[in-house]
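These notes are about the structure you will find just below.
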Amino acid sequence: MKNNLIKLFDYSSLNSVNEFKEIEKLVLNNNICIVSNFISEADANSLLNKIKLFRNKNIENYNYDRLNSKKSFIRRDINPIHSTTKHTFDSYCITFQRSDDELGLITFDIFKKMKSFYNRIVGADYDFGFSDKIIGLRPQIIHYPVGGGYFDWHQHKLNPQKVGLILNLSNPNIDYKSGSTMFKIDNNEVNIYNEHRQGSLALFKYDLVHKVTDVEKNQPLDFNKGRYSAIIPLM
């Protein structure tokens, strides 16, 4: 059954300022907008393959300061005790400051596209962040592994981000059988699993309470499988 709080758009049909402002208005009025075909399934799979190859060559878990690191890195969290929100995932924290940064080179095109889209939605001109002295977009890829990857209910401050973006790089029912982004809106829990297909972009009001449900929690924990999402928090 279709949820009336989920609004559907096709990326190829968006070309006017009014259409982008319509999406912003819908989002800020507590609707979830799904933009299909933001990237093709083929491009999503190609990016995933490159990311997985990078990970296999860089299996160490680094814990750099993501606001100031000059090199991209991977951080693994399995229910860390210091976190106020329980979660299990790998976070690929990405910067574009070095010409020899392999992860930055792999992901630059997709995050450049997401940055442009975000700026058109909110009517801004934010760039990628390069230090904690300047507010900027901080590209990340979050990998929720099979066997219990998840992110419990949490929320962010509305400003300055206003609109959150989640690009689904994985294929539901193939790469993961469970593990959906859900939102609390008024008295409703809105599940976007059926609409948030591979290559689709979900947009939401940034202070909505939301979570990512368990990815096949009855399976053995396996960081070689699961759901990958691209996000660009403004920090």
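Which residue fluctuates the most in the chain, going by a Gaussian network model with Cα springs under 10 Å, if the choices are H196, H154, H210?
Among H196, H154, H210, the largest GNM mean-square fluctuation belongs to H154.
Using the Kirkwood radius over Cα pairs, work out the Stokes-Einstein diffusion coefficient for the chain at 37 °C and 0.692 mPa s, in µm²/s as a whole number.
Answer from the Stokes-Einstein relation: 182 µm²/s.
Based only on Cα atoms, what mean projected area does the convex hull of segment 127-235 have, in nm²?
Directional mean of the projected Cα hull area for segment 127-235 stands at 7.4 nm².
Measure up K7/K162; K50/K70; K21/K70 against 23 Å on the Cα-Cα distance and list the ones that go over.
K21/K70
Quick query: amide H of G226 versus all other amide H atoms, modeled in the peptide plane; which residues come in under 5 Å with a sequence gap of 5 or more or a different chain?
Sorted by chain and number, the residues that satisfy this are V146.
Under 12 Å Cα to Cα from K157, which aspartates and glutamates show up? Leave out anything in the same chain fewer than 8 places away.
D207
Connecting C-alpha atoms closer than 10 Å in a GNM of the chain, tell me which of E216, E41, E189 has the biggest fluctuation.
In this elastic network of the chain, the residue with the biggest mean-square fluctuation among E216, E41, E189 is E189.
Read-outs throughout are calculated quantities, based only on the coordinates presented, and are distinct from any laboratory measurement. Since the structure is predicted, the reported quantities are computational estimates derived from the model, not experimental observations.
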